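The numbers here are math on the coordinates, done by the rules we state, and not lab data. All values derive from a computational prediction rather than experimental measurement. Backbone-built Cβ (ideal geometry, glycine too); neighbour counts: all protein chains shown.
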């Protein structure tokens, strides 16, 4: 297992289009997180899964954002009707059960909305 | 609310020590972290410290925690050009989310 994988690395889309990003966490990690990072800022928490259950989603930025983790393995983050303000780096991270020693982050998906 | 503050930039000469400072507001913080981010990459966990510790040393890295003042620092000894990156301070109360600072960009001059 080579760590947390995110796909695609870069996405350019036109305003109003829908986009979906994928995250494959470390296989033995049951906790998965999505964060958003804008230029010059630290990561901002979006949502959290423990196995397939989405335990926290109140920080998703609007109802245009949704995330799934259907089988408790990979996860997808979808943004509908993209806006220019959605342009950012979307980071996925995972962590094992009972371990609070920090995340393993993926390399992120950079979204540019034109 | 919860907040983590860091200075934006630090410039040092190769071979010198770097000290990156951070303050946080959440008194229930249990875990404090330092992450490193290189251009175009995700964040890499460097080290962490529990709130009941004052200091942690890991090779060239030394973390100091002043819980009373809610102040965390990261010292990098013998700083190298490869240490040039953005360093993020972060805190967690053990719950589901971690709060990150805006990052300190470290420049190392040869």
Remind me, relative contact order of the range A:30-114 in percent, using alpha carbon pairs under 8 angstrom and six or more residues apart?
29 percent
Note down the relative contact order for the range B:1-104 as a percent, whole number, built from C-alpha pairs under 8 angstrom at least six residues apart.
37 percent
Neighbouring partner chain Cβ atoms per residue of A:40-53, average, 10 Å criterion:
4
Among A:6-18, A:85-97, A:48-60, how do they line up from the highest to the lowest mean number of other beta-carbon atoms within 10 Å?
A:85-97, A:48-60, A:6-18
Any idea what the relative contact order of the range B:1-56 is, in percent, if you count C-alpha pairs under 8 Å spaced at least 6 apart?
27 percent
Where labels lie 7 Å past Cα in the beta-carbon direction, separation of residue A:52 and residue B:3 in nm
4.2 nm
Measure out, as a whole number of angstrom, how far apart the alpha-carbon centroids of the range B:16-35 and the range A:1-79 sit.
26 Å
Averaged over A:102-112, how many beta carbons belonging to a partner chain fall within 10 Å of each residue's beta carbon?
4
Number of partner chain Cβ atoms within 10 Å, mean per residue of A:56-62:
1
If packing is taken as the mean number of other Cβ atoms within 10 Å per residue, what is the order of B:102-108, B:54-60, highest first?
B:102-108, B:54-60
